[in-house]
Structures are given as structure tokens and as C-alpha cells.
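A short reminder: the numbers here are calculations on the coordinates, not readings from a lab. Worth saying up front: this structure is predicted, and the values here are computed from it rather than measured. Reconstructed Cβ throughout: ideal geometry from the backbone, glycine too, with neighbour counts over all protein chains shown.
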């Protein structure tokens with residue numbers, strides 16, 4: 001039996017701990033273990049709680065040879081599966097102690113890093129391959145063909161521009177993430193920033209035959225913000241609305257005051273970018289702000305998108321302690337809502 005003092009010490013350990021006796025039954029477990037293992041019970045064979053062959057081999061080795069070891073296991077927990085490194089060691093009393101270190105977040109971060117590198121490599125490989133192919137062609141078959149040369153140079157310029165935008169967005173995303181914990185304190189007029197974005201994008205909207213209309217409350221509306229980053233947010237959202245909602249012929253930007261926003265727990269300013277385009281399938285909505293995620297990959301690349309715009313928007317809004325909401329129905333257009341705390 002485990003005495004009360006030992007149980008108290010085990011409960012103080014933040015990681016799940018199990019003690020297994022010589023009959024391979026659970027002799028004790030701490031509070032953290034009870035939170036992880038739904039069928040935890042003292043006296044049960046540990047194999048009925050942890051059905052992991054590699055863990056069984058480590059426990060047997062500890063009993064027979066007194067050899068400490070660590071194994072990686074995946075545990076089906078009540079809230080989510082947990083990936084853990086389990087340290088098995090023999091105690092002086094002939095018992096085996098299992099200590100579970102949760103490495104789920106580390107593995108998820110590593111998977112995200114691998115995906116990010118793979119995505120960046122893929123996004124750069126396509127234009128680079130095109131550029132190398134056209135350079136080879138211009139040096140060979142099209143060397144003395146001025147028509148082909150002009151056409152290939154135009155394509156090369158477009159692909160080089162695509163790579164430049166991608167690198168620019170990657171640098172922008174890196175800067176935003178580096179500053180995300182520092183909340184801006186300078187007061188900025190949201191309406192002025194929105195008007196400047198609409199004016200900047202006017203040539204593009206006119207070329208697409210899309211009217212961008214501002215609907216705002218009277219007077220300046222001040223919020224603590226980084227003016228350059230807010231400009232980046234509204235430039236991105238309005239540009240997307242013009243590109244992908246052009247079939248509706250109109251984009252509305254509505255600035256409104258919210259006396260009390262439940263999630264932000266106080267007064268807030270909401271900027272809604274609304275288009276009447278084709279809309280987005282519901283299955284895509286939860287993933288739109290992921291890096292390199294595109295609801296329509298082919299169309300996005302044709303429009304010059306890098307797949308990073310909404311990820312940048314999400315991080316900027318998070319830095320401002322605000323919220324980004326996306327509402328859309330297929331055939332009914334889309335609404336991108338930026339909600340910023342007023343104080």
C-alpha cells in the first residue's frame with residue numbers, strides 16, 4: 001500500500017504518474033493520472049488501462065532487469081488523444097513507476113513546421129520551374145523569335161512577381177507573429193484607414209467593374225491600433241472581396257459601433273467587408289485562415305494569391321485583441337467581420 005504522505009507527494013507532481021506492483025496491477029496514481037485515464041482504478045491490471053504493447057515491454061524490462069527506459073505512446077483521453085513519452089523506472093521497493101510527459105503540443109508544432117516548409121517549397125517550386133523552363137527556351141528555340149520572346153518575358157515577369165509577393169507575405173507574417181504579444185496603444189481612426197484602403201484599391205476595383213461602397217457612422221472612430229497593420233488587414237479583405245466576389249458587382253464596407261461585445265466584454269468597433277459573390281462552401285470556413293489553405297487553389301493562383309493573406313489578417317487582429325469572423329453561404333456572398341476593442 002502507498003501511505004498518505006506518498007500519495008500527497010504524487011498528487012503534487014504535475015505530470016500523470018502510475019505505480020505498478022509486482023502483480024502488474026495499479027497500486028497508485030496521482031491526480032493528473034486520474035484526469036487522463038477515464039477507466040483508472042487502483043487494483044486493476046495496468047494493461048487494461050494502457051493497452052500499449054511497447055509500454056508493456058518496457059514495464060517487463062524494468063521488472064526483470066531493473067532497466068529504466070522511455071517509450072512513446074498515444075493515449076485515448078476523454079478530451080483528446082495525448083501523445084506521451086513514458087519513463088519507466090524500478091523503485092527500491094520492487095515497484096515500477098510510470099511517468100507520462102505530454103508531448104502532444106511539441107509533435108503538433110513539429111508537424112506544423114514540416115507542413116509549412118513543404119508548402120513554401122511547393123509554392124516556390126512552381127514559378128521557379130516555369131522561369132527555368134522559359135530561360136532555357138529563350139536561349140534556344142525562341143532566341144530569334146521576338147513574338148515568343150515578348151510572350152515568355154511577360155509570363156516570367158508574372159511568375160517573378162508571384163514569388164516576390166510570396167516572400168513579402170512570409171516576411172510580413174513573421175513580423176506580425178514577432179509582435180503579436182505587444183498590443184498597440186496609439187489611437188487610430190478606423191474610418192480613415194478604411195477610406196485610405198478603398199482609395200488605394202480603386203484602380204483594381206474599377207478594372208473589375210466592382211463598386212466599393214463605404215457605410216460608416218459619422219465622425220472619426222478611434223481605437224488603439226497599429227495604423228500600418230490595420231491598413232494591411234483592410235487592404236487584404238477588400239482586395240479579396242473584389243477578386244472573389246466580383247460577380248456580385250458590389251462590395252460594401254460597413255463600420256459600426258457595438259455598445260457591448262460579449263466575447264471582448266466591452267464596447268467594440270466592427271468593420272464588415274461584404275460581397276455579393278458566389279460565396280464559400282461551409283466546409284472551407286473553419287480553415288480559411290490557415291497558412292496556404294485555399295478554398296479554390298486554381299482560382300487563387302490565377303488571381304495572384306499566396307494563400308497567406310487571411311493568416312496575416314488573423315494574426316494582426318489577434319495582436320489587437322480583436323476577433324475575426326467569417327460568414328458565407330454558397331450563392332449568397334461572404335461577410336468578413338473584424339471586431340476591435342474600442343478601449
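Structure above, values below:
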| read-out | value |
| --- | --- |
| Residue order, fewest to most surrounding Cβ atoms within 10 angstrom, among 188, 343 | 343, 188 |
| On Cα atoms only, tilt of 53-65 relative to the major axis of the chain in degrees | 40 degrees |
| Packing-based ranking, highest mean first, of 136-146, 320-330 given that Cβ atoms within 10 Å are counted | 320-330, 136-146 |
| Overall Cα dimensions of the stretch 1-133 - principal axes, largest extent first, Å | 74, 31, 23 |
| For a label point 7 Å along the Cα-to-beta-carbon line of residue 80, residues of the stretch 90-129 with backbone N under 19 Å | 100-116 |
| Cα convex hull volume per residue for the stretch 141-289 (Å³) | 177 Å³ |
| Paired Rg and Dmax values of the chain, which use every Cα atom, in angstrom | 28.5, 91 |
| Distance cut-off 14 Å, percentage of C-alpha pairs in the stretch 195-276 lying past it | 64 percent |
| Footprinting exposure proxy for 291, 181 (fewest neighbouring C-beta atoms within 10 Å first) | 181, 291 |
| Viscosity 0.890 mPa s, 25 °C: Kirkwood-radius Stokes-Einstein D of the stretch 241-343 over Cα pairs, µm²/s | 171 µm²/s |
| Tilt relative to the chain, helix 227-244 - C-alpha long axis, 0 to 90 degrees, to 10 | 70 degrees |
